[in-house]
Every structure is written in structure tokens, then in C-alpha cells.
1. Can you tell me the FRET efficiency between residue 84 and residue 110 if r is taken as the Cβ-Cβ distance and R0 is 22 Å, rounded to the nearest 0.05?
2. Net charge near residue 48: determine it from the other residues with C-beta under 12 Å of the C-beta of residue 48, scoring Lys and Arg +1 and Asp and Glu -1.
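We did not get these values from a lab; they are worked out from the coordinates using the rules stated. Worth saying up front: this structure is predicted, and the values here are computed from it rather than measured. So basically every Cβ, Gly included, is an ideal-geometry build from the backbone, and we count neighbours across all protein chains shown.
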Amino acid sequence: MPLVNPNRLAGHPLRRAAADAAQAGADVMVAVLDGAIAALELGRDSLIEGQWQRATLQILATGQLLQALRDNVDVLGGDPLAANLAELYDYAGQRVGLAASGRCRAPLDEVWHLLVEVRAAWFALPAAARMKAGPSSTAAQLGSHGRCLMVPIQ
């Protein structure tokens, strides 16, 4: 069997497809994060307007999106950044739950700031780092099991 020149594979369609899939995974993670921020804003606005039922629905949606983000953090990989991010999502979910049960806005404001910071940290990474997302990278990646890892706020 002939040896394959690794330089020849650089432009290979499968390598490009893998990079595209990694980017799509990152885009999905950002879309879920954006959805959580948007639902949080709607819930917060509804609380201010006294629309309790609408606020509750939006706050519950925020909680579900936070759980989806949390579920896609690979904490079993041993990356301390992933563990910190998972804890942040857990904390945010608890604060959102408190806001829903107490009809109070302060926890929503706090979580909004946290999520905006997480999003900013993601986009503060060089584009190449976001594109390199793959099974061998340990931070800011779409892992081998389809899990997104992002750099948490320190």
C-alpha cells in the first residue's frame, strides 16, 4: 500500500467537511446561547410590565436553554475550563429558577451579564481557534462527542 503524503490531504474534501462541521457545531452553540439571552431579555421585560404568565414562560425557556448548554459541556474530558463553564451554567440555571419562583428581576440581570460575558469570551477567541474545534483541542471546541466547550469567565 503506498504512503500518503500528509500535505496532499490538507485540501482534501473530508478535511474541509470536518472543519465545516466543527464550525457548524460552534454556530449551534452560539445560537443556543443567543436564544437563552433573548428569552432572558423577554422574561425580564415581561416581569417589568407585570405580565407574569409571559415572564414565567420566557424564564422557563431560558432555564431549558441553559440546561442544553450545560448538557453539551464535556466535563468528563478533565478540562478545568469546561468544569468551570458547567458550574457557571448550573449557577445561572439556579438563579433563573429563583427569578421564576420569586418574580424578581435581579437574578435575571445577573444571569444576563454572565451570558453576555460568556458570549464575548467565545468571540474574543481568534477565529482560527474557533475553527480548529475538533476532538484533539481542549478549549473552545466542539468535541468528539458533539459537545461544545467554551472558555469561561475567570
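1. 0.80
2. Net charge around residue 48: 0.
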